[in-house]
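As structure tokens, the structure follows; a few thoughts come after it.
The values are calculated or read from the model by the stated rules, or taken from the named source; none is laboratory data. None of these values were measured; they are calculated from a predicted model. Glycine also receives a Cβ, built like all others from the backbone with ideal geometry; neighbour counts cover every protein chain displayed. We work out accessible area using only protein heavy atoms, side chains counted, and drop any ligands, DNA or RNA first. Shrake-Rupley method; radii C 1.70, N 1.55, O 1.52, S 1.80 Å.
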Amino acid sequence: MSTETLNYSRDRSALAVVLSDFWHEFKQNHGALAGLVVMGLVVLMAVFADVIAPHSPIEQYRTAMLVPPVWQDGGSWEFILGTDSVGRDLLSRLIHGSRYSLYIGLIVIFISLTVGVMLGLLAAFFKGFVENLIMRAMDIILAFPSLLLALALVAILGPSLENAMVAIAVVLIPHFVRITRAQAIAELGKDYVAASQTMGAGVGRLMFINVLPNCMAPLIVQATLSFSTAILDAAALGFLGMGAQPPTPEWGSMLAVAREFILTASWLVTLPGLAILITVLSINLIGDGLRDALDPKMKRGKA
Amino acid sequence: MSNETILKIDNLSVSLPSRADRAFAVEEVSFELYAGEILCIVGESGSGKSMASNAVMGLLPKPHVRPVNGRIMFENQDLLTVSDAEMQKIRGGRIGMIFQEPMTALNPVMKVEDQLDEVFVSHGKYSRAERKQRIIEMLRDVGLPDPEIIGRSYPFALSGGQRQRVMIAMALALEPSVLIADEPTTALDVTTQAQILGLVKDLQEKRGMGVIFITHDFGVVAEIADRVIVMQTGRIVEQGSAEQVLNSPKHPYTQKLIAAVPHLEAVHKSAKEPTPVISVKNLQKTYGGNSGFFGGKGRVVHATRDVNFEIYKGETLGLVGESGSGKSTVGRCLIRLHDADSGQILFDGKDINSLTLKEMMPVRRHIQMIFQDPYASLNPRRKIGDIIVEGPVIHGAVKSEAMKKAGELLELVGLDPSALKRYPHEFSGGQRQRIGIARALAMDPKLLIADEAVSALDVSVQAQVLELLDEIKERLHLSMLFVTHDLRVAAKICDRIAVMRLGEIVEYGETSKVFNNPQHPYTRALLDAVPGKAWEGPQLEEPISA
């Protein structure tokens, strides 16, 4: 009998190959690289907030209310970005606020990803009643303007940061369900799944060991993009007074409190707004880069 | 055949991007095409045969793949130096091309006549009325019935063969002097393939064109070629007249390829003990038929009707037929990937078809399947070892012992046991198919179902895998259901054969009887359609494979 010689030219683990291919693809996108750098800085800021921040985010300096930033007349180096109406240091509040933003993003993504993937897999595996039930429920959620639905949910649950996160997660679930279901149905048609079935593999095994790992690429992309949506929606709820409650230094609620000073102390509105903008923008850029690198349908024509 | 040279390729080299596995797709290739001949370029996948023709058409994937050396002389110009606008005129106008997959090569949202019209319009020929008439003529020329009706159809409404005819009509619309056909019959059924080959030969003779016909199938070569070029890894290893290359090949690679072509002759196998391992009685399976959303009746397709057969211990039963004949459905019903509507499948005294999924579990051990596409049948995210031991572990084996056995199985199928820790993408198609076989064997099956298991493989790899299957079957006393559309392969491996057509078995018997004395007209038509059936192949000594 003849034996084919194995081609071991690439003597690296498959994971290393996949990662290096991914990195090669990802770094072609300069916007995504910039986003990654900015996001890295935000993460560092959140982790070391206690060390970096010059003041406590909630301590009120009664002697220094509405101090402008250092580059404006009357600014001082003690409060680099100025203080708010009750004398809290804006820079410290922004630095601590990044913690809340990341916390909101991570929790929301965790909830909506796990629930969404589960429902999506169920819909893909159990055609008929279960699928219809899940997908129509998702259609109903999608039929509401997302912020309005989140607002209604928070109104029912009561205004707090935790409830706002739950509400946002619920609003984001349908996207994950749809992506998971579509991808899983495509994978279910492939022969490796049939092969596993002929071995007698049960539904759980097919779902989590065979199908799910092959559905991850678009889910990772969606998770990244939803991360920024979650931050934005949380800020919006905070601005409407339905999210984080004072004195929590959450960027959205900081904007809400600062609204009445928009003409007299414009830095109080501008700076938290910029913080939200920069964070969301960099996450979106990373998401786009991930999509280019991970989603084969979006891959640019290669030789 | 005249000796007038119409296309001359001189020392052509085409470079590949730096990340590819070799530096040149095509290296120092020189050949000539004479008017009125069919020149076949043969080679296995990756041999550069399509790249050579794409270079002629200026269709290389820019900018990474480009010609770096040589000349392509056509009508006193070097095609490598003409401008894009010039090339546009030559392409389609003077050189026509047809592709492998007629569905993707036609625009799905345009009517056939509009697509043909576009060819004329883009080359600025004829008035509207003339064009209309020409289109009808063209469609009639390629043997399409009712050209007016076909012209007004969309591509999806046509069969594969009809689409390929439309493609040919498009390629020949402007009466080119050279036609390049890149595997035009590979995606077609054998009877349709025979018709298309006949058509190409016919048109070529009528118009005196030169045809470059790219194929991997030596049967096709034997059917139509005047001259043959054999390519291996970007180089021409042999060229000569068809007679010479097919019957007295000089180069060892050509010899190896030709030796790997299975012959249509049925190998007579000793009669096996006729104890049935599995017997199928009146198997029925229909698809569709559910009423639609608005209460309309869906179309009912009878995938199988009243299928009866038995597989004996230690034999291979071939299930042959064209696409849509229901042969794969039968295989999948046996293993309960599909549920049959009615009928019995008796295995070990139990009717598989009436078992619940739980009762089916112990039976699954004994029936295993090998799939067609070696790229889709292995989970890309799991290591080979995990893939192979999945079945035994589900059935309660200890993982470490199963792994040990998996290593032995890999050796049995001719792979190194170190493959256990690797991922599927690191293996070639043939190697993956071996892994698929090892996975099926890990369950200690009594019956193997091979669903087109060698159809996606190159001919030399195909021969090796067939040999492996045969050897394993003998050694482990397995029975096998071999589903295939390829009669040559069936002749080589099957003891008995069942011919399927439109869901029914029309002929069933020993391979030698079915092949030498076919009773049903459909079987005869199938056998007649096998390309190059008259070619026996040279008596070569079995080359030593690497």
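Per-structure values
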item: Long-range neighbours under 7 Å by Cβ, at least six apart or interchain, first residue within 13 Å of chain A (Cβ to nearest Cβ) within the range B:58-69, second open to solvent by 70 Å² or more (accessible area, probe 1.4 Å) and in a strand (DSSP E or B); result: B:L60/B:R66
item: Where B:I472 falls short, out of the listed (1) in contact with a strand residue (DSSP E or B) (Cβ under 9 Å, 6 or more places away or on another chain); (2) within 30 Å of B:Q193 (Cβ to Cβ); (3) within 14 Å of chain A (Cβ to nearest Cβ); result: (2)
item: Residue match in the range B:415-431 (condition: in a helix (DSSP H, G or I), open to solvent by 10 Å² or more (accessible area, probe 1.4 Å) and aliphatic (A, V, I, L, M)); result: yes
item: Residues (open to solvent by less than 10 Å² (accessible area, probe 1.4 Å) and either within 14 Å of chain A (Cβ to nearest Cβ) or within 24 Å of B:E474 (Cα to Cα) (or both)) located in the range B:314-329; result: B:E315, B:T316, B:L317, B:G318, B:L319, B:V320
item: Residues of the range B:399-414 classified as open to solvent by less than 50 Å² (accessible area, probe 1.4 Å) and either at the interface with chain A (Cβ under 7 Å from one of its Cβ atoms) or of a type in the set (S, T, N, Q) (or both), total; result: 1
item: Matching residues, the range B:362-387, being in a loop (DSSP other than H, G, I, E, B) and either over 14 Å from B:F427 (Cα atoms) or more than 7 Å from chain A (Cβ to nearest Cβ) (or both); result: B:R365, B:H366, B:F371, B:Q372, B:P374, B:Y375, B:R382, B:K383
item: Pairs, first modelled with pLDDT under 85 in the range B:82-107, second open to solvent by 80 Å² or more (accessible area, probe 1.4 Å) and among the polar types (S, T, N, Q), C-beta under 8 Å, six or more apart; result: B:G92/B:S122
item: Residue match in the range B:333-356 (condition: in contact with a Gly (Cβ under 6 Å, 6 or more places away or on another chain) and more than 10 Å from every other protein chain (Cβ to nearest Cβ)); result: no
item: Within the range B:447-465, considering residues that are more than 10 Å from chain A (Cβ to nearest Cβ) and at pLDDT 90 or above, the one surrounded by the most Cβ atoms within 10 Å (Cβ to Cβ); result: B:A450
item: Options A:G189, A:G200; residue that is of a type in the set (G, A, S), farther than 30 Å from A:S253 by Cβ and open to solvent by 50 Å² or more (accessible area, probe 1.4 Å); result: A:G189
item: Residues being open to solvent by 20 Å² or more (accessible area, probe 1.4 Å) and not in a loop (DSSP other than H, G, I, E, B) - total across the range B:81-92; result: 7
item: Residue list for the range A:171-213, filter: among the aliphatic types (A, V, I, L, M) and away from chain B (no Cβ under 14 Å); result: A:V171, A:L172, A:I173, A:V177, A:I179, A:A182, A:I185
item: Positions within the range A:214-247 being touching a residue at least 24 places away in the same chain (Cβ under 8 Å) and within 11 Å of another protein chain (Cβ to nearest Cβ), in sequence order; result: A:N214, A:C215, A:A217
item: Residue within the range A:142-161 that is open to solvent by less than 10 Å² (accessible area, probe 1.4 Å), in contact with a Gly (Cβ under 9 Å, 6 or more places away or on another chain) and within 14 Å of another protein chain (Cβ to nearest Cβ) present; result: no
item: The range B:161-191: number of residues that are open to solvent by less than 30 Å² (accessible area, probe 1.4 Å), assigned to a helix (DSSP H, G or I) and under 28 Å from B:G48 (Cβ atoms); result: 6
item: Single unsatisfied condition, B:A490 versus (1) modelled with pLDDT of 90 or more; (2) in a helix (DSSP H, G or I); result: (1)
item: Selection status of B:L7, assigned to a loop (DSSP other than H, G, I, E, B), more than 24 Å from B:D458 (Cα to Cα) and touching a strand residue (DSSP E or B) at 6+ places or on another chain (Cβ under 9 Å); result: no
item: Residues within the range B:21-66 that are acidic (D, E), modelled with pLDDT of 85 or more and surrounded by fewer than 17 Cβ atoms within 10 Å (Cβ to Cβ), tallied; result: 1
item: Hits in the range B:44-80 (condition: of a type in the set (D, E) and part of a loop (DSSP other than H, G, I, E, B)); result: B:E44, B:E75
item: Candidates B:R434, B:R439 - the one that is within 11 Å of another protein chain (Cβ to nearest Cβ), open to solvent by less than 10 Å² (accessible area, probe 1.4 Å) and at pLDDT 90 or above; result: B:R434
